[in-house]
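Where a number appears in this text, it was derived from the coordinates with a stated rule and is not lab data. As the structure is a prediction and not an experimental result, all values here were calculated from the model. Ideal geometry is used to build each Cβ from the backbone, glycine not excepted, and the neighbour counts take in all protein chains shown.
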Amino acid sequence: MRIVSFGGPGGEQPGVLVDDHTILPLAPVLAPFGLPCTDTAQILALWPTIRPIVEATLHDTRHHIARAGVRLGPPVPRPGKVLAVGFNYPLHSNAVLGDVTPPTEPVLFVKLPGSVCGPYDPLIKPPETKALDYELELAVVIGRAGRRIAPADALDHVAGYMIANDVTARDVALGAGIGSPLQMQLVRGKGFPSFCATGPWLLMRDERDERGERGERLDAEPRRLKLSVNGQARQDGWSSDMLFDIPTLIASISSTTDLLPGDVILTGTPSGCGFELDPPAYLVDGDEIRGTITGLGEQHQWVMDEVTTHYEIPVTPTTVRTAS
């Protein structure tokens, strides 16, 4: 099942894709049962209860709306945390750090929740950067809370998977320079609005909930990650190239912080970022970005200069309206 959000920025409501062209809004389906119908994180937390209700009404055309007629927002519009993993693809890591010993545990940083945007929203280039760069990543969304989660149990805490673009203003993030690590500015350089496009949908794990002969999960098959800029292929890698797999990441991250429904984990990016090219090729106003991951759809964004774009702060969540 594919979870989406639709509506204006800050006012999105959750839905389910019936097919590639049709959305079932969840508000008219869940409200009669007294279930949460506007907060995606709460829906994910109650998914075992909600899923049968949705399946029973999925083809009720009374509530269907056309996908083409609405804006798709981030599948989880208001994540509690966006936790990102650095240096998780060796080739990308070598491009950043040089030929050094790989990390022995996941390197973790955060992106501000306000950086999250939809899969087709413009990527707003702030005036503070001249080194705007892309990072296509497989995103994991948490559906079941936990702390100190064992690797063997980790996938039971996953709601599903989606595409993410961990955009970085590299000159801002560098701060005082690589030789002054305490003055790095990762939160600033990765936290501008529109610097974390997600979606177009969240693929729930219930479609891949099978087990092998020894009881192992079979929902972690390799996925191909591909990104192009202006039609030119830039990134092309496989999730199987990750230094730390998803269960290891969840176990490591949950040793530091509680993981809650709706939290998002960005699992790292393959090589091919703009800074890795010779000469570097950073994003500029007018660039077209397309990113795909196997089974998770495609993002399509255009870069727009903030200084020439009418940018408005999205409305607050209190303005969210339920469907009638």
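Per-residue Karplus couplings for the range 222-238, computed as 6.51 cos²θ - 1.76 cosθ + 1.60 with θ equal to phi - 60°, are listed in order as x, 10, 8, 10, 9, 9, 10, 10, 6, x, 8, 5, 10, 10, 7, x, 10 Hz, Gly and Pro entered as x.
Under 5 Å between amide hydrogens, built in the peptide plane, is the criterion, and for V18 it picks out I23, L24 among residues at least 5 positions away or on other chains.
Residue by residue, the range 239-247 carries 3J(HN,Hα) couplings of 4, 5, 7, 4, 5, 10, 7, 4, x Hz when phi is fed to the Karplus relation 6.51 cos²θ - 1.76 cosθ + 1.60 (θ = phi - 60°); x denotes Gly or Pro. Ordering Y161, Y120 by the number of other Cβ atoms within 10 Å of each residue's own Cβ, fewest first, gives Y120, Y161. Residues whose amide H falls under 5 Å from that of A159, counting only those 5 or more places apart or on a different chain, are V141, I142, G143, R144, with hydrogens built in the peptide plane. Extension gain for the segment R71 to F275, taken as residue separation times 0.36 nm less the Cα-Cα distance, is 70.3 nm to one decimal.
With θ taken as phi - 60° and the Karplus curve 6.51 cos²θ - 1.76 cosθ + 1.60 applied, the whole-hertz 3J(HN,Hα) list for the range 123-140 is 8, 8, 8, x, x, 6, 10, 10, 9, 7, 9, 9, 8, 6, 9, 7, 9, 10 Hz, x standing for glycine and proline. Stretched out straight at 0.36 nm per residue, the stretch from T256 to E128 would grow longer than its current Cα-Cα span by 42.9 nm.
Distant-in-sequence amide contacts of K125, defined by a placed amide H-H separation under 5 Å and a gap of 5 or more residues or a different chain, comprise M304, D305, E306.
Per-residue packing, averaged as other Cβ atoms within 10 Å, sorts the ranges 44-56, 163-175, 73-85 into the order 73-85, 163-175, 44-56, beginning with the highest. By DSSP, the beta bridges lying fully in the chain are antiparallel in about 85 percent of cases.
Each label point was placed 7 Å from the Cα along the Cα-to-Cβ direction; for D285 and E55 their separation is 5.2 nm. Rounded, prolate or oblate for the range 1-73? Axes are the square roots of the Cα gyration tensor eigenvalues, ordered a ≥ b ≥ c, and the cut-off for rounded is a/c under 1.5. Because a/c hits 1.5 or more and a/b fails to exceed b/c, the range 1-73 counts as oblate. Under the simplified labelling scheme, the R62-L108 pair shows an inter-label distance of 4.6 nm, with each label point 7 Å from Cα along Cα→Cβ.
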